[in-house]
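So the structure is just underneath, and the comments pick up after that.
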Amino acid sequence: MAETQADELDLGRLADWGAANIAGFRGPLTATRFAGGQSNPTYRLTSPSGDYVLRRKPPGVLLPSAHQVDRDYRVMKALQGTAVPVPPIHALCRDDGVIGSMFFVMGYVPGRVFMDARMPGVTPDHRAAVYDSMNATIAALHSVDPEAVGLGDFGRPGAYMARQIARWSKQYRASETDPIPAMDALIDWLGAYTPPEDRVAIVHGDYRLDNLLLHPTEPRGVALLDWELATLGDPIADFAYHVMIWRITPELFRGLAGNDLAALGIPDEASYVAAYCRRTGRSSLPDWDYYIVYGMFRIAAILQGIAKRALDGTAAAADATDLGRRARPLADQAWAIARAARR
C-alpha cells in the first residue's frame with residue numbers, strides 16, 4: 001500500500017504521548033500516511049523501538065456517530081488472543097490536544113493486500129489456501145462469544161437486518177439522481193420479510209479480501225483490518241456480504257462471476273459456503289439468497305451515493321462517475337435474484 005509523507009502530525013507531542021502510554025516505546029518518530037480510501041486517516045509510525053500504525057478520527061466537525069475509532073480499537077483489543085487475526089493493540093488516546101483528534105496505536109504487521117478477488121500473479125494452490133484462510137477467519141470471528149471477550153454490549157439487541165435495510169434505504173433515497181426502478185422494488189422486497197436471527201455474533205460489517213492483510217509470502221491472513229462498522233448482528237449477513245462476489249463480474253464490482261474458478265484455484269460458492277457451515281457448526285444457511293440480495297442492494301446504495309457526489313462535484317475518487325454508473329446494473333441483478341427467489 002502506497003505511503004506519503006505526513007506533515008500534519010505533531011511528532012514531538014506524539015512521541016511524548018507514546019513514551020507515557022506504550023510499553024517499550026522510544027522516540028523520536030517519523031510518520032507516513034497510507035494512501036487509499038480509509039475514512040479514518042491511517043499512518044505508519046517508525047521509531048527506534050519499532051514500527052507502529054496510528055489510526056485517527058479526521059480532524060474537524062463530524063457527525064456524532066461517524067468515525068468512531070474507539071469502537072475500532074475496542075473490538076480489536078477484545079479479540080486479542082482469539083483465533084481471529086488482529087494486530088497487537090497498544091493504546092487509545094481520547095485527548096484531542098495531542099494531534100487534534102482521537103486516535104489509537106497498534107502494532108505494524110507487514111503483509112500484502114489484494115484488491116482484485118482473482119489475485120493475479122499467484123499460483124492456483126496459493127489462491128486456494130488464501131480463500132480457505134479467508135473462510136476460516138470469518139468463521140472464527142462468528143464463533144467468538146461476545147460476552148466472553150467483553151463485547152456483550154457492543155451493539156443493539158435484535159432487529160439487526162431491519163435496521164440495516166432502513167439505514168441503506170435512507171442513504172439511497174438521500175442520494176437518488178435518475179430513478180432506478182429495481183432499487184424501489186428491492187426496498188419493498190427486503191422490507192417485506194426479514195429473516196429471523198437464529199444467532200447473534202460479532203460482525204465485521206465490511207468483510208472482504210482487501211480488508212484481510214495476508215502474510216508477505218505465505219497464503220494466510222495475518223490481520224483483519226478496518227473494523228469501524230463492527231457491531232453485534234446477524235452473522236449470515238456478514239458472511240454473505242463478501243460471498244456475493246461469486247455472483248458479480250469483475251467489471252461490475254470486484255467480483256468473480258464469469259471466471260474459470262477451478263483453473264484459478266478458487267472454490268465455487270457452494271463449496272465455500274459449505275466450508276463455513278462446517279466451521280461454524282451449521283447444516284445450512286437459511287434464506288441465503290435474501291442475504292445475497294441484501295449485500296448487493298447495500299453496494300448499489302453505496303455506489304449511488306458516489307454517483308450523487310460525482311454529480312455534485314464533491315467525490316474524492318477520480319473514477320467516481322464510472323463507479324456511480326454501476327449502481328443501476330447491480331440493482332437490476334439483485335432484483336433478478338430476488339424475483340427468482342419468489343419470496
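Rule-based calculations on the coordinates, nothing more; no lab input. Fair warning: this is a prediction, and the values are worked out from it, not measured in the lab. Because the Cβ atoms are built from the backbone with ideal geometry, glycine has one as well, and the counts that use them run over all protein chains shown.
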Ranked by how many other beta carbons lie within 10 Å on average, peptides 229-237, 27-35 from highest: 229-237, 27-35
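Quick one, what does Rg over Rh come out to for the range 183-289 if you take C-alpha atoms and the Kirkwood Rh?
0.97
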Listed residue (Ala174, Val75, Leu14) projecting farthest to the positive dipole end of the chain, Cβ model: Ala174
Distance between modelled label sites at Glu176 and Arg199, nm, 7 Å Cα→Cβ extension: 3.8
Cα gyration tensor shape for the range 235-297, rounded if a/c is under 1.5, else prolate or oblate: oblate
Karplus-derived 3J(HN,Hα), 6.51/-1.76/1.60, for each residue of the range 125-130, Hz, glycine and proline x: 4, 5, 4, 4, 5, 5
Cα-based shape type of the range 12-147, given that a ≥ b ≥ c are square roots of the gyration tensor eigenvalues and the cut on a/c is 1.5: prolate
Estimated 222 nm signal from helices in the chain, with DSSP H stretches of n ≥ 4 weighted -39500 (n - 2.57), rounded to 500: -13000 deg cm²/dmol
Integer Hz, Karplus 6.51/-1.76/1.60 couplings in order for the range 41-50, x for Gly and Pro: x, 10, 10, 9, 10, 10, 8, x, 8, x
Length gained when the stretch Ser49-Asp10 is fully extended (0.36 nm per residue, less Cα-Cα span): 12.2 nm
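Could you tell me the calculated FRET efficiency between Ile337 and Glu218, based on Cβ-Cβ distance and R0 = 25 angstrom, to the nearest 0.05?
0.10
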Extension gain from Arg94 to Asp322, taking 0.36 nm per residue of separation minus the Cα-Cα distance: 78.2 nm
With eigenvalues of the C-alpha gyration tensor scaled by 5 and rooted, the chain, Å: 33, 24, 21
Debye, to nearest 20: dipole size of the chain, +1 on Lys, Arg Cβ, -1 on Asp, Glu Cβ: 260
Per-residue ³J(HN,Hα) for the range 169-181, Karplus 6.51 cos²θ - 1.76 cosθ + 1.60, θ = phi - 60°, Hz, x for Gly and Pro: 5, 4, 5, 4, 4, 6, 10, 4, 10, 6, x, 10, x
Positive dipole terminus of the chain, leading residue within Leu252, Leu330, His90 (C-beta point charges): Leu330
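Using only alpha carbon pairs under 8 Å that are at least six residues apart, calculate the relative contact order of the chain and give it in whole percent. All intermediate terms of the calculation are to be shown ahead of the outcome.
Details: 558 pairs, mean separation 54.4, N = 343.
Relative CO of the chain lands at 16 percent.
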Proximal charge balance of Pro110 [Cβ under 11 Å; K/R count +1, D/E count -1]: +1
